Amino acid sequence: MAQITQLESKLAEVLGLAQAAQQATKKVARLAKGEKELVALLDRMNAEAKETEKRCKALAEKRDGKKTAINRKARETKTEATEMMGTYLSGDDVDALDGFEFLTMAEAGELGHWEIVKTMATKAKDRPLVRLAEWATPIQQGHVEAVRTSSLQLAENEDPNEPEG
């Protein structure tokens, strides 16, 4: 297997995070069933994650002989992110707020990864990857703000004095 660069490793990570985001948005949408606006938001985020995955894969295919290594690293990242989600959203008492709290962390992490990709791609003068990061970063910024706002709205609907469980 070809050895990948630090930058290609970061490309693999954002690819894996986009794949994990698709699973996360589906899981949280199940937790938020009945909340039409939240489910619509999650459906849009899922579609954007699919498009991100598609664009990352297209760029990985252009990496001479490194597609397999990039995809392997992406699978590792996806598995790690999915395991975190499983830990955070396990149990019978998880609800939409728990889901959006998890997404707040996950989307912030994804945004940070894209900003790192952009910085490294700029330094490497890798124009295709810079362009991809310039496309993805505003989408991720929108995701961070949307899940933050949704989390706060869900928290507003909670009774802070109700016993847990």
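Which residue, chosen from C56, A29, L103, occupies the Cα position most advanced towards the positive end of the dipole of the chain, where the dipole is computed from +1 (Lys, Arg) and -1 (Asp, Glu) charges on Cβ about the Cα centre?
So the residue we want is C56.
Which residue fluctuates most in the GNM of the chain (Cα springs below 10 Å): T104, T68, T52?
T68
Does anything in the stretch 121-152 have its amide N under 20 Å from the 7 Å Cα→Cβ label point of E61, and if so which residues?
127-133, 135-136
Over the chain, with a Gaussian network built from C-alpha contacts below 10 Å, which listed residue (Q22, Q153, Q141) shows the highest mean-square fluctuation?
Sorting by GNM fluctuation, first place goes to Q153.
Could you give the longest part of the chain that holds none of the GluC sites (Glu not before Pro) found in DSSP loops with at most 14 neighbouring Cβ atoms within 10 Å?
My reading of the result: 1-157 is the longest stretch.
Suppose we flag trypsin sites (Lys or Arg not before Pro) only when DSSP calls them loop and at most 15 other Cβ atoms lie within 10 Å. Which is the longest uninterrupted stretch of the chain?
Result, exposed sites excluded: 63-124.
Step through the table entries K27/K66; K66/K125; K26/K123; K62/K118; K10/K33; K27/K62, compare each Cα-Cα distance with 29 Å, and write down the pairs that go over it.
Going by Cα-Cα distance, K27/K66; K26/K123; K10/K33; K27/K62 fall outside the 29 Å limit.
Per residue of the chain, what 222 nm ellipticity follows from adding -39500 (n - 2.57) for every DSSP H run with n ≥ 4, rounded to the nearest 500?
Dividing the helical sum by the residues of the chain leaves -29000 deg cm²/dmol.
Just A24, A69, A12 to compare: in a GNM of the chain, with alpha carbon springs under 10 Å, which one fluctuates most?
A69
We did not get these values from a lab; they are worked out from the coordinates using the rules stated. Fair warning: this is a prediction, and the values are worked out from it, not measured in the lab. Cβ coordinates were reconstructed from backbone atoms using ideal geometry, including for glycine residues, and neighbour counts include every protein chain displayed.
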